[in-house]
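What follows draws every value from the coordinates through simple rules; no lab data is involved. Not measured: the values here are computed from a predicted model. Cβ: placed from backbone, ideal geometry, glycine included. Neighbour counts: every protein chain shown.
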Amino acid sequence: MLWLHGGGFMAGDLDMLEAHVVSAELAARAEALVVSVDYRLAVGGTRYPVPVDDAHAAWRWLAGTGRPPSGPVGLGGASAGAALALSTAIRLRDQDEPRPDALLLAYPFVHFPTPALDDRTAAGMRDLPALLRFTTESIEHMVRNYVGRLTDLPAAALPGAANLDGLPATGIVLAEYDDLRPSGDLLARQLEESGVPGRRYLAAGMTHGHLNRTPSLKEVDRVERGGDAVGHRVVPRASAGDSGQRPLAAMAPASGGLRATGPASSDPGEGWSLKE
C-alpha cells in the first residue's frame, strides 16, 4: 500500500507517527508491504500540483519498477495526505494508468469551502481547546498556501469537487470531534452517489489527527487492525479460515525517498528504506 501522511500540505515527514507507525502497524498486522511517501511540502513557494506529482511518481514506482506486491495494492493517506491520495487516484483514472484496488482515507480534507458542522457536533466541540480546532482562517491559510489562491481552484486540488466516477472501493475513517469531519461525510455521500463501493467508520471521541497517537489508544488500534474500522470490503484481513486474501498496505513518494516496511517488521523501528 502507498501511504501519505498529513500536515496541512505544509508539514509532516516520514518519522511522524501518522507516517511511520501507521505504516509499520499496517504492515505487521496485514502481513503486507507498506511504503510511506516523503512528498515535497507546500513551503518556500512549492504549491499544487507538486505534492500530487510526487505521490503519482511514487505510485508509478510501486506499480512499475518497485518491489512487486503479491496481492491487491492500496493507496491511502490521512488529512491532507488523504486529499493527495484521492487526487492521485483521479489522475490515474483519467490517464488510464494502473489503478489501486482500494483507497483508505483517514479524516480527509477534500473540500473548500469546508461544509459546516451539524449543530450536535458543534455543541460537543464547543469546549475543546483552540489547539484542537480548525478556524475559517486556518483552513483558508492551508488552501491559499497549497494552491496559491482561494478562488477558481483546480478540481483535483481539493478533489471533493472532481468527478469521482470509476474510483476503487473506498474506506473512510472519520474523527467524531473534527471541524473537517463534514468534508469526509460529504465525500462518503458523493462516492455513494457516484456508485463507488465503500465503508465509513466514525472514531468515537477522537479529534482530527488521532492517528498521530500510538496503537495504545483504542481507536488507533482499531484502524490499524483494519477490521471493524474500515470494513472487510475495503481492507480484508487474512485469517486461518479464509481464502488467504490479504489487506492493503501503505506507501510513499520518490522525490525525497521511500520508506518501505515489510510484513516481518512488527516493530516500528524495523523495516528497510530506499533513497532515490
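Side notes on the structure shown:
- In loop segments of segment 91-190 as defined by DSSP, the trypsin sites (Lys or Arg not before Pro) with at most 15 further C-beta atoms inside 10 Å of their C-beta are Arg126, Arg133, Arg149.
- For segment 137-150, Karplus couplings with θ = phi - 60° (6.51, -1.76, 1.60), whole Hz, Gly/Pro x: 5, 5, 5, 4, 5, 4, 5, 4, 5, 7, 9, x, 6, 10
- Under a 5 Å amide H cut-off, with hydrogens placed 1.01 Å from N, Leu104 pairs with Leu75, Gly76, Gly77, Gly171 among residues at least 5 apart or on other chains.
- Charge context of Phe9, other residues only, Cβ under 12 angstrom, K/R +1, D/E -1: +2
- Extension gain, His141-Arg189: 0.36 nm per intervening residue step, less the Cα-Cα distance, totals 14.6 nm.
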